[in-house]
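The structure under discussion appears below in the form of structure tokens.
The values are calculated or read from the model by the stated rules, or taken from the named source; none is laboratory data. It should be emphasised that the depicted structure is a prediction, and the values quoted were computed from it without experimental measurement. Reconstructed Cβ throughout: ideal geometry from the backbone, glycine too, with neighbour counts over all protein chains shown.
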Amino acid sequence: MLFGFDDKQEFIPQIYRYLNNQELMLTFLTQYNASVDSALKIPLSYAKNTKSLKMIFGNFLHDIMHVSFGKIQNINIKLNAYAFYFQKRKSLIFNTKISKNVDLLRLLRIYLYGICFDAQILFSSYVYDKVSFQNNGKN
């Protein structure tokens, strides 16, 4: 059972097929965030009003990549090559305080090529994350 998407289709486990679209997006994003390091996490608000798993990543990247000029520190040349495929028009990606906490290159690759998890491992990571968070500091 796979849970994720590639450039052509989405992979939804049978157990989640009864969920409406918004619940499905929120379930995926919650479990995804529990399974990745902090530089790849996406706020749960991006699961609302989306129609596909890929759209979650696209909306997040769009918001991160379009910043006001007051926040710009310098131009990131490495990411601009990937951004060309993400955006219809050429525009520069700038390093900002927000983008320093996010691994844009890996998120762009996920958006362009997709990401799939074994649904059971994804759920296990989510449960482990919740249990360890609740028992933080206990031996």
| Of all residues in segment 17-43, how many are buried (at least 16 other Cβ atoms within 10 Å of the Cβ), out of contact with any strand residue (DSSP E or B) (no Cβ under 7 Å at 6 or more places or on another chain), free of Cβ contacts under 8 Å to residues at least 60 places away in the same chain and not in a loop (DSSP other than H, G, I, E, B)? | 6
| Is it fair to say residue 15 is closer than 24 Å to residue 121 by Cβ, at pLDDT 55 or above and of a type in the set (A, V, I, L, M, F, W, C)? | yes
| message | Among the residues of segment 86-132, what is the count of those that are surrounded by fewer than 17 Cβ atoms within 10 Å (Cβ to Cβ) and modelled with pLDDT of 80 or more? | response | 15
| message | I'm trying to understand the selection: among the residues of segment 102-137, which are touching a Lys or Arg at 6+ places or on another chain (Cβ under 8 Å) and farther than 18 Å from residue 24 by Cβ? | response | 105, 111
| Are there any pairs with C-beta distances below 8 angstrom linking a residue in segment 112-139 that is assigned to a helix (DSSP H, G or I) to a residue that is at pLDDT below 90 and of a type in the set (D, E, K, R), with the two at least 6 apart or on different chains, and if so which? | 112/7; 113/7
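Residue by residue, here is whether (1) within 14 Å of residue 111 (Cα to Cα); (2) modelled with pLDDT under 95 holds:
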position: 3; (1), (2): no, yes
position: 7; (1), (2): yes, yes
position: 28; (1), (2): no, no
position: 34; (1), (2): no, yes
position: 37; (1), (2): no, yes
position: 42; (1), (2): yes, yes
position: 48; (1), (2): no, yes
position: 51; (1), (2): no, yes
position: 62; (1), (2): yes, yes
